[in-house]
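Okay, structure first, notes after.
Bear in mind that the values in this text are calculations on the coordinates, not laboratory data. Bear in mind the structure is a predicted one, so any value in this text is a computation, not a measurement. Methodologically, a virtual Cβ is constructed for each residue, glycine included, from the backbone with ideal geometry; neighbour enumeration extends over all protein chains shown.
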Amino acid sequence: MHALSVCFSFRQKCRAPQGGPGTIFFERTKKPVMNHYPLRHTACACLLSLGFAGLCLPASVRAQNAPGEDPVVLTNRISVQMLPMGGANASAPLNAQNGMPAWMQAKVARFEAKANSEQGGDILTDSNATRSASSDGLKKTCIQEVGSNTAQAPGKFGLANTQQIVVLKGDLVNICK
Amino acid sequence: MMNFNRLRSALARCGRWAGLLGLAGAALLSGCATPANPREDTEYQTYATAASRPTVRPVRSVSSFSDSLMCMDRMFREAQLPTTLITSKQIPDFSTKVPVAVKEMIITSLSQMSRLSNAFRYVDYEVDIARQDTVQNLTTILLNNNQIQLQRPALYFSGAIAFVDQSVLGNRLAAGTAASRLDTGYSRNRNATIIGLEMHIGDFRTRTLIPGLDSANEVIISSGGQGLDLAGRIGSYGVQFNVGRDYTQGTGAAVRTLVELATIELVGKWARVPYWQCLTLEQTHPHFQQQLRDWYDEGSPLAHHQLVQRSLMSQGYLANNGMPMDANHPEFRSALTRFQADAGMVVSGAVDFPTYERALRNFVALDKDGRLMQIGWTSTQPLPSAVAAATPQGPVPAGSPPPVAYGAAPQVRNIDLQIENVLVGRTAFEVGEQVFVSASLSRASYLYCFLQEAGGAVLRLLPNATNPNALLSASQAIRIPDWMSPTPGFIMDSTSAGTERLGCFATQEDVAAKLPELLRAPPLAPLLEVRSLDSVGEAFARTLGSEGYTRAAVEWRVVPRRTAAAAPVAAPAPVASR
């Protein structure tokens, strides 16, 4: 039993790698005893664990790997591809709420019911569609508007300040001949 | 005369308007000319610091399989699975609809399966030149100077979020009415989406995926909502009313569920342990958390406190002296924080829902109809309804703690000691060989560990100068020495042939002052006049009584160092003794 106080001097006994910056060396010191299990007992004379690297050990102590260690020792030049390869496509949050929220749909349902009733009020329907056509030589422009707020009221500035509720009960078709 | 009065009245009105306009103009000019004075809002601003803080305590992120992960951890410890180096590829999201850190979830799952067993150690080595940070830069520097020790993984995870089938099911209902004084509208919708995760385990040395080690699972997340819109007139007043309630199950929790299930299946298959026993726990029921929440809502705060208190008594965290304790009682808070630490919770010292759920989740079972039911307790009544023995219906996973009933006598504390070395083809250590031991506690306790060398000298290993605190949690194994720490403090290697023993003693309270000759003496040095572990045990027994502490020991044989031509040594395997 060696009870050691913490020693921060690093005693390096492993071979230093040969090669320049950007070179990484990989070599196993010994074949593993078990395929999937890390090496427990190697004959490397240095403490391979970084955790134990700070410990000063007597020369008589044979170092072993701690549980869960299978160190790689760098001896040969290996070029690691460190170029950016293009990241994966960024994901966007899933919009699980498909369509209109229920509270808004309830409001729409109310207006639809109102448009179909005798108390239609200010709700515009397809019967309120205004159609206009203009021709300029061979070019003809047909416009069909329902509840448009672009038309200015006489003597007013800005957009028309009227309620913009339009309920179409069917298709709105305009054939421009 | 009439016209004159009218003219005077009109002039007076004009004067008033002119005055008002003048005042407004002056105020506008003064407002534009002078800057706002923030000091006038000082009192208001002082509330910002408190207002910016979250108002709900953070909780641990769990899924239906979080208990299964803990079960796997116990199973691995029971099986004495050696530590395996493992890593993972990035787990891409091919659907581009699930922005979730799947790889990090895998790491968390592996870590949670290794708290007690040290079963997996994750190799974290990413090289991405486009994202250089401190760790990557230092790694490059240290590698080039041979000052970092890379570890070779034995296994790796591979996989992807394979698909998202959105809105596989969807229902919508909308209805409205209109009358002369009241209009109504109602809407309801719901839909279901499927997320699929594929994962595999590969052998790193050959970069091949191991046949049979696959996991392909799907989970359903759903959303729904209801809305009501009312408008009408009451007399001459108009009324508008709109309410809605929606729920959307998040992708994060769903993917965590899939990842935890996949890691359990994959490493369970790889390690050849009966992992399915951990997947049949009651806690994996998808309604478990919501059912516990319903029971929590049924009870009052006093009932919550008393239920948790009695649960702590049954699990041995709190002495049952018959005296009720309020929530701020020091003894109760100490027991509660120990329990929360052991349960892997965010330690709060408060009886909130996560604590309630963790304290009572072991007293829940499925009835014959497959519904969750309380065993021995009710939501509103802290007294045990029936001290029924907790007899699990399914197979008991290996290493599971003994079943305990709500209101029953407390469990006996347990210390589990294991030798972590893999002795392939050998049954004894050689002189000079390092020994690695781990200890786990059944509940947080003060732990003192001693080593009896082959020569008879006894040393105290824990606590020591590097790890001076003796109070240790049960949520993680204690490594002796801590070979994963940069400052383990000591190493254990055998200096002479013979039998060595390591013994640990656990107590509820700190007994350093009661045993100064053992616990105040310098650590990692031979204790004077202590000749064996048995004499240490006798000292504990004399001071605390036979019931006042828990003891466990493990021993191993040390043989002379082999020469190259020597035959393998045949010796008894290391055994744990109590």
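Across segment B:408-422, computed HN-Hα scalar couplings (Karplus, 6.51 cos²θ - 1.76 cosθ + 1.60, θ = phi - 60°) run 7, 5, x, 6, 7, 5, 10, 10, 10, 10, 9, 7, 8, 5, 9 Hz from first to last residue, x flagging Gly and Pro. Annotation: the residues B:295, B:556, B:276, sorted from fewest to most other C-beta atoms within 10 Å of their own C-beta, follow the order B:276, B:295, B:556. Neighbouring Cβ atoms from other chains, within 10 Å of the Cβ of residues in B:161-171, number 1 on average.
For segment B:209-345, just say rounded, prolate or oblate: build the C-alpha gyration tensor, square-root its eigenvalues into a ≥ b ≥ c, call rounded for a/c under 1.5, and beyond that prolate if a/b exceeds b/c, oblate if not. Note, shape of segment B:209-345 comes out oblate. Peptides B:101-113, B:72-84 ordered by packing proxy, namely the average of other Cβ atoms within 10 Å per residue, highest first: B:72-84, B:101-113. Using C-alpha pairs under 8 Å with a sequence gap of at least 6, the mean separation divided by the residue count of segment B:417-511 gives a relative contact order of 37 percent.
Treating cross-link reach as a plain straight distance, find the aspartates and glutamates whose alpha-carbon is under 14 Å from the alpha-carbon of residue A:114, omitting any fewer than eight places away in the same chain. The reachable aspartates and glutamates, counting only those whose Cα sits under 14 Å from residue A:114, are A:122, B:183, B:229. Extension gain for residue B:321 to residue B:411 (0.36 nm times residue separation, less C-alpha to C-alpha distance): 30.8 nm. For segment B:92-109, putting each phi into the Karplus relation 6.51 cos²θ - 1.76 cosθ + 1.60 with θ = phi - 60° gives couplings of x, 10, 6, 7, 6, 10, 10, x, 10, 7, 5, 4, 5, 5, 4, 4, 4, 4 Hz, in residue order, rounded to whole numbers and with x for Gly and Pro. Which entries in A:107/A:169; A:140/A:169; A:139/A:169 show an alpha-carbon gap greater than 26 Å? Long pairs (Cα-Cα over 26 Å): A:140/A:169; A:139/A:169. Put in order of Cβ neighbour count within 10 Å, fewest first, the listed residues A:142, A:176, B:278 become A:176, A:142, B:278. Run the helix sum for chain B: -39,500 (n - 2.57) per DSSP H stretch of 4+ residues, divided by residue count, reported at 222 nm to the nearest 500 deg cm²/dmol. That calculation yields -8500 deg cm²/dmol at 222 nm. As I understand it, the value is the acute angle between the Cα axis of helix B:301-314 and the longest principal axis of the Cα atoms of chain B; what does it come to in degrees, rounded to 10? Compared with the principal axis, the helix lies near 10 degrees.
The length gained on full extension between residue B:55 and residue B:168, counted as 0.36 nm times the residue separation minus their Cα-Cα distance, comes to 37.0 nm.
Shielding value for B:148-157 is 6, the average number of Cβ atoms from other chains within 10 Å of each residue's Cβ.
Mind checking the angle between helix B:533-544 and chain B's longest principal axis? C-alpha axes, 0 to 90 degrees, to the nearest 10. Once rounded, the angle reads 50 degrees. Our compactness index for segment B:71-208, the C-alpha radius of gyration over the empirical 2.2 N^0.38 Å, is 1.69. Centre-to-centre, using Cα atoms only, segment B:30-79 and segment B:249-296 are separated by 27 Å. Between segment B:150-172 and segment B:363-383, the C-alpha centres lie 35 angstrom from each other. For the pair residue B:371 and residue B:129 in one chain, pulling the backbone fully straight at 0.36 nm per residue adds 81.8 nm over the alpha carbon distance.
Annotation: amide H-H contacts under 5 Å for residue B:162 (H modelled 1.01 Å from N, sequence separation of 5 or more, or interchain): B:196, B:197, B:198.
As a rough guide to protection, the peptides B:368-375, B:184-191 ranked by mean Cβ packing within 10 Å, highest first, stand as B:184-191, B:368-375. Annotation: peptides B:248-261, B:410-423, B:200-213, ranked by per-residue average of other Cβ atoms within 10 Å with the highest first, follow the order B:248-261, B:410-423, B:200-213. Per-residue Karplus couplings for segment B:508-514, computed as 6.51 cos²θ - 1.76 cosθ + 1.60 with θ equal to phi - 60°, are listed in order as 6, 10, 6, 10, 4, 6, 7 Hz, Gly and Pro entered as x.
When the charge dipole of chain B is built from unit charges on Cβ atoms (+1 for Lys and Arg, -1 for Asp and Glu) and taken about the Cα centre, the candidate among B:273, B:512, B:101 whose Cα reaches farthest toward its positive end is B:101. Legend: mean number of C-beta atoms from other chains within 10 angstrom of residue C-beta atoms, peptide B:114-124, equals 1.
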